[in-house]
Every structure is written in C-alpha cells, then in structure tokens.
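Notes for the one structure printed next.
Any read-out appearing in this document is the output of simple, stated calculations on the displayed coordinates, not a laboratory observation. As the structure is a prediction and not an experimental result, all values here were calculated from the model. In this analysis, Cβ positions are derived from the backbone assuming ideal geometry, glycine residues included, and neighbour counts consider all displayed protein chains.
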Amino acid sequence: MNAAVWLWMVDADAVTDADLQRYRGWLGASEMARHQRFVRAQRQRQFIVGRVLLRVALARVLGVAPQDVQLEEQVGKAPRLSAPVLKGPTPGFSIAHSGRWVACAVSAQTALGLDIELRDGTRDLAALAAQAFDAGEMAQWARIQELPDEQRIDGFYRLWSEKEACFKLGAADGHCVAVPHAELSVVVCSALPLARAPQIELAVLP
C-alpha cells in the first residue's frame, strides 16, 4: 500500500499579533500550559502557529472545521488527537519549525516524521556532525565533505533532517524523501512507501 502525504507551510512572522492573540483561544488547557513555559516570544509564536496549522491540516483530511479539532499534549511526544473521536485509524501527522517557517505533514494512511532546517553554511557543520551523527552517518558525512561548498551544506542538512524526521517517526528505516525549498532542508519520512513525493503548499490560516 502506498500512502499520500500533504505538506503545508506557513511563514509565522507574517501572522499578525492580533491573529496570534485570537489563535491562543484555539488552544486547549494542556497546550496553553506548554505555551506558557516557553520563554522566547519567537518560540511561543512558532508553537501557536504550529498548533493552528495542524488543526487546519487535520480538518482538511477529516472533513471537519479546524476549531472542531482538539489536541492534547503528551510529554516527549507529538500531541494526541482527542477530538473528533474517530471510528477508524487516526491520521499520521508531524510538525516542524525552523526560523520563520512552520510546517505540518499529514496522511490518512501512514505515520509520519517531518523535519525542516534552515540551511546555514556559517555554522560549524563538522562540530555539529561529530556531536549528533552515529558511525554510519559520520561515514556519509565524510563523503559529503569532499563536495563543493553548496553541495556540502545541502548534504549535511539533508542528513541532519533525515535523522530528525526518522526520530519523530519512531523508526530508523522509514521511507524518506527530501522536498525542495529555497531556504530550507525539508525531509518527510513515512512508515509506508509514498505514492509520490509531497509538494509544499503555502497555507493561509483562517
């Protein structure tokens, strides 16, 4: 069975403060508790936009209004869909953020892991690799370092994003695909093979 995946993205910096305040009213008690623990304003903004985007994405798949989607926070895990109550399997979904971008992947057929990362060649990529990569990933990184600068940066972030997306999926052997973006490294990993690579849709929040 091949799965279909929808991938939506929002520029969180383009959301007005008035809309951000309005969206706070969409959050449940556990979401508000987590939101209040964030110290940085940018992280609070990312969190609210991510939860609203997830509601919009799930609403499209489930055929309900975004405000009818209720989420419950889970420690160390993605949020749980608490409403609407479904008779069949719960859709797979994953949220990611980096810089001004917030993204959400949803599928009715398969579990998902999504990661997005701003490509930044000024960071010490070798130090990051040594800190985060296992032996197999370090072997891949060694080959990537021989490439020209732009390809080396792209290769590092593809490897990094795939590792993070697989972690979110909860499986080291997921079916992973890189999705082109001008600023970001975007990787979606799924438990089932994908029917086709997802395409990024810029979402408009209600």
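Given a Förster distance of 30 Å, report the FRET efficiency between D19 and D120 from their Cβ-Cβ distance, rounded to the nearest 0.05. It comes out at approximately 0.60.
Taking N as the residue count of the chain, its C-alpha radius of gyration divided by 2.2 N^0.38 Å amounts to 1.04. What the phi angles of region 138-155 give under the Karplus curve with 6.51, -1.76 and 1.60, with θ = phi - 60°, is a coupling list of 5, 5, 5, 4, 4, 6, 5, 5, 7, 7, x, 3, 4, 5, 5, 5, 4, x Hz, glycine and proline written as x. Rank L184, A135, L53 by how far each Cα sits towards the positive end of the charge dipole of region 6-202 (+1 on Lys, Arg Cβ; -1 on Asp, Glu Cβ) and give me just the farthest. Most positive-ward Cα: L53. Between amide H atoms placed 1.01 Å from N, distances below 5 Å from L192 occur with A111, all of them 5 or more places distant or on a separate chain. All other residues whose Cβ lies under 13 angstrom from that of P79 are scored, Lys and Arg at +1 and Asp and Glu at -1, for a net of +3.
Ordering I153, L125, M32 by the projection of their Cα atoms onto the charge dipole of the chain, which places +1 on the Cβ of Lys and Arg and -1 on the Cβ of Asp and Glu, puts M32 at the extreme positive end.
Applying a DSSP loop filter and a limit of 16 other Cβ atoms within 10 Å to the GluC sites (Glu not before Pro) in region 159-206 leaves E183.
Each Lys and Arg adds +1 at its Cβ and each Asp and Glu adds -1 at its Cβ; summed about the Cα centre, the chain shows a dipole of about 720 debye. The residues neighbouring R119, those whose beta-carbon lies less than 13 Å from its own, together hold a net charge of -4 under the Lys/Arg +1, Asp/Glu -1 convention. Relative to the longest principal axis of the Cα atoms of the chain, the long axis of helix 41-62 makes an angle of roughly 70 degrees. Within the chain, C104, C166 have no other Cys Cβ under 4.7 Å of their Cβ and so lack a disulfide-compatible partner by this rule.
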